[in-house]
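The values are calculated or read from the model by the stated rules, or taken from the named source; none is laboratory data. Remember, it's a predicted structure, so these values are computed and weren't measured experimentally. Cβ placement follows ideal geometry from the backbone for every residue including glycine, while neighbour counts extend to all protein chains displayed. Surface accessibility is based on the protein's heavy atoms, side chains included, excluding ligands, DNA and RNA. Shrake-Rupley method; radii C 1.70, N 1.55, O 1.52, S 1.80 Å.
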Amino acid sequence: MADTKYGRYILKEPIVPPGMGHHPEIKAPVFQCVGNSEFGGAPFSINFDYITEPFTMISKAHAHDYDQFLFFLGGNMANVVDFGAEVDLYLGEEQELHTITATSVVHVPKGLIHGPLVYRKVDKAIIFVDAFLAADYMKSKVI
């Protein structure tokens, strides 16, 4: 479609094979759209990960120079509130622990220290969506 007038605005099948995304522990294909590489620097990027087993996604606390939104959904799209996992997310420099046990959205404002992010228990597959208002994923501060 890129050879049409508006085809450049359509990205078909933005899929990264299992183990080839940002987190090789994820065993399913990843839906990924990065504003810089796919849309000429558009200030938005998004990843959809299908989480089937426990693992540590982010091991170190860090911050970004942009807002980020973390979505935790039940893996059955017909019933996304059927959430079968326990996810530990630490927020702030003081590492305040938040355990996510239900479908949730976390707004991580620009500059907020966050992480680690640990999928401690996964009884049913869940979907994790990482959306951020930047053309590329970059850490501005790592603790």
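What part of the accessible area of the chain, given as a whole %, is carbon or sulfur when the probe is 1.4 angstrom? Numbers along the way, then the final one.
Details: 4580 of 7980 Å².
Looking at the chain in its full context, I get 57 percent from C and S.
Output the pairs from LYS5/LYS27; LYS12/LYS124; LYS12/LYS139; LYS60/LYS124; LYS121/LYS141; LYS5/LYS60 with a Cα-Cα distance over 32 Å in this structure; if there are none, say none. Could you put the intermediate results ahead of the total?
Details: LYS5/LYS27 37 Å; LYS12/LYS124 29 Å; LYS12/LYS139 28 Å; LYS60/LYS124 26 Å; LYS121/LYS141 28 Å; LYS5/LYS60 44 Å.
Cα-Cα > 32 Å for LYS5/LYS27; LYS5/LYS60; rest within.
So between VAL81 and ALA131, what do we pick up on full extension, going 0.36 nm a residue minus the alpha carbon distance? Please list the in-between numbers first.
On the way: separation 50, 0.36 × 50 = 18.00 nm, distance 1.94 nm.
Additional length available on full extension: 16.1 nm.
Could you check the spin-label model distance between ASP88 and LYS27? Points 7 Å from the Cα along Cα→Cβ, value in nm.
Result: 2.3 nm between the two label points.
Which one of PRO24, PRO14, ILE113 is farthest out on the positive end of the charge dipole of the chain, using unit charges on Cβ (Lys, Arg +1; Asp, Glu -1) and the Cα centre as origin?
Result: PRO14, furthest along the dipole toward the positive end.
Which of these values of Kirkwood radius over Cα pairs in Å was calculated from the structure shown: [x] 17.7; [y] 15.9; [z] 15.3?
The value computed from this structure is option [y].
How big is the Cα convex hull of region 66-122 in projection, averaged over all directions, in nm²?
Numbers: hull surface 15.5 nm².
Directional mean of the projected Cα hull area for region 66-122 stands at 3.9 nm².
For region 24-31, just list the computed ³J(HN,Hα) in residue order, Karplus coefficients 6.51, -1.76 and 1.60, θ = phi - 60°, integers in Hz, with x standing in for Gly and Pro.
x, 5, 6, 8, 10, x, 10, 7
Net charge near GLY40: determine it from the other residues with C-beta under 15 Å of the C-beta of GLY40, scoring Lys and Arg +1 and Asp and Glu -1. Write down the numbers at each step before the final one.
Working: positive: ARG8; negative: GLU38, ASP136.
With Lys, Arg at +1 and Asp, Glu at -1, the neighbours total -1.
Under the definition of Cα pairs under 8 Å and six or more residues apart, what whole-number percent is the relative contact order of the chain? Present the calculation step by step, with values, prior to reporting the outcome.
Values: 361 pairs, mean separation 42.8, N = 143.
After rounding, I find 30 percent.
Could you please report the charge total around ALA131, scoring K, R as +1 and D, E as -1 over all other residues with beta-carbon less than 15 angstrom from its beta-carbon?
On the way: positive: LYS110; negative: GLU38, ASP49, ASP67, ASP130, ASP136.
Combined, the nearby Lys, Arg, Asp and Glu give -4.
Checking the cross-link filter: which aspartates and glutamates have an alpha carbon closer than 15 Å to that of LYS110, excluding same-chain neighbours under 8 positions apart?
Excluding near neighbours in sequence, the set is ASP65, ASP67, GLU93, ASP130, ASP136.
Which value, in Å² and to the nearest 10, is the accessible area of LEU112 when all protein chains are kept and the probe is 1.4 Å?
Ignoring ligands and nucleic acids, LEU112 comes out at about 60 Å².
Cβ under 15 Å from TYR66's Cβ, TYR66 left aside: what net charge do those residues give with Lys, Arg +1 and Asp, Glu -1?
-1
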